[in-house]
1. Enter the per residue convex hull volume of the chain, computed from alpha-carbon coordinates, in Å³ rounded to the nearest integer.
2. With a cap of 11 neighbouring Cβ atoms within 10 Å, and only residues DSSP puts in a loop, list the chymotrypsin sites (Phe, Trp or Tyr not before Pro) found in the range 316-380.
3. Tell me which residues come under 5 Å, amide H to amide H, from residue 112 once H is placed; ignore anything under 5 positions away on its chain.
4. Working from Cα positions, state the angle (0 to 90°, nearest 10) between the long axis of helix 7-19 and the longest principal axis of the chain.
5. For residue 183, list long-range residues whose amide hydrogen, built 1.01 Å from N in the peptide plane, is under 5 Å from its own amide hydrogen.
6. Among DSSP bridges having both ends in the chain, what percentage is antiparallel? Round to the nearest 5.
7. So what's the gap between the Cα centers of the range 60-100 and the range 335-390, to the nearest angstrom?
8. On C-alpha positions alone, give me the angle between the axis of helix 469-488 and the longest principal axis of the chain, in degrees, nearest 10.
Amino acid sequence: MKNDKSAYEAVVEGVAEEMGLPQDRGRADGMPEPCSLVIIGASGDLTARKLVPSLFNLYLNGGLPDQFLIVGCGRTRMGNDEFRNRMKTALTESAHVDQEKWEGFAGSLFYRPIEYDDLPSYVHLAEHLRALDIEHGTRGNRIFYLAIPPTLYETTAHMLGRAGLSGERAGWSRIVVEKPFGRNLETAFALDKVLHEHFQEHQIYRIDHYLAKETVQNILMFRFANTLFEPLWNRGYIDYVSITAAETLGVEHRAGYYEQSGVLRDMFQNHMMQLLALTAMEPPSLFEADRVRDEKVKLYRALRSFSMANLEKYLVLGQYGPGTIGGKAVPAYRDEPGVSPKSLTPTFAMMKIYVDNWRWQGVPFYMSSGKRLAKKLTEIVIQFKEVPHSMFRDALGEPISANRLILGIYPEEKITLTFQTKNPGARFCLRSVTMDFSYLQGSEGPALDAYEKVLLDCMLGDHMLFWRQDAVELCWSFLTPILEECETCSSRAEMLLPYEAGSWGPDAVQELLRRNPRTE
């Protein structure tokens, strides 16, 4: 696979230089070393929809090493040509594919059938990979990406280890697992134990693609690279913080998974907790992976446990009923294919969380996420306090709106700040105005999408955007008692409030927002 140095190479080198990062994490020029990406479960949807398109884009922009292979593995029986044709079909369904470019990329695609619980399959895979290493010069460097159901993680990791594929004698070996990392604290421990039987911590990459979104990464830059905002980023100036990740889609084809998980496991244990950490963490002494992740762990340790006796003061759960999305009627969750007509699985949750530390004492963090809501939206709202004394009260005869900062992640990648100015004219009155910054405004070169970024970082050996096990365990420690109470209490059905598809969730959300945090 040959490609010239390009804008992607400049992006990698430029970011490393700007952040003070060492540029020898891969090759001397800051690009990844030759390697093979082995996708376990390559016949599934994730590979065709996300992984191969991201890798193809990296290839088009010169972001892959010259010696790079993609080896798909799965239960489906097929050869190299059929695998390549499937991937090309998946690409052409979403965009035009230049035939010449595709031919150059397709030469790096291979396929090997395996049975996930069959050791000889992995032994033969190891032999196949060694032969490819010799033929294509990938130096024994391998990434094993588990694009399989979480129930197969432990079996697959164990088999890779027994087949000798976790060893790092000839080159490095890395394993990538997607969320969820277990279903609760106990299963998170069990998964980690199996992973560490054969892989060391530096070899394990727990992926959360939310962290790789450009605007999510920008939160730290915005907070810690500007003297203007960080001095105000505390209980003295901020009234509350709202973190929202809303979807208009329903459960779609994931009913089997979603019935077992619900919104708390699907969104809160991973994506929402990461957004919380980036928003509320203390500044690390250096911008490097473990120091950043150390500060996240400190934040998770400071989360105030919920009172199970008064859970309704801190949590609202809901399940969508029938309604209208984009002018089209949509069914209730219980009427979706594969969902039990008596399902008690929540599709919406809002939590009011407190961080018991010096910076945030008494400031509520409202975290909400759900399906079939009014708009697909991901944003973080920093609501500042009102002015402590209004010298204009006699002249205005109306309250002064507090300042508000919005960090938009989706659909608009932007930052907006609302503040007060005098309205033009003879009459003395205020008006709220907004300063907008579009994230891509004035940018040059390609922007990496989330999967492109995490795949590139894994090749480079950079753990910055990946979960560390202690953070996984702390988040499960916080959420597991809540999950157990919600899933076993006698009032479980009463806790699950209905909401109309196309709305912003149950009416009880407003009551949770109105509660006075200073009395709790």
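1. Details: hull volume 91.8 nm³, N = 520.
Output value, Cα hull per residue: 177 Å³.
2. Numbers: sites: 320, 333, 348, 354, 358, 360, 365, 366; in loops: 358, 360.
Passing both the DSSP loop test and the Cβ count: 358.
3. Hits under the 5 Å cutoff: 72, 73, 74.
4. Tilt relative to the chain: about 60 degrees.
5. Under 5 Å from the amide H of residue 183 lie the amide H atoms of 188, each far enough along the sequence or on another chain.
6. Details: 45 of 83 bridges.
Within the chain, antiparallel bridges account for around 55 percent of the total.
7. The range 60-100 and the range 335-390 have Cα centres spaced 39 Å from each other.
8. Orientation of helix 469-488: about 60 degrees from the principal axis.
Coordinate-derived values only; no laboratory data. Just so we're clear, the structure is a prediction, and the values are computed from it rather than from any experiment. As a convention, Cβ positions derive from the backbone with ideal geometry for all residues, glycine included, and neighbour counts pool all protein chains shown.
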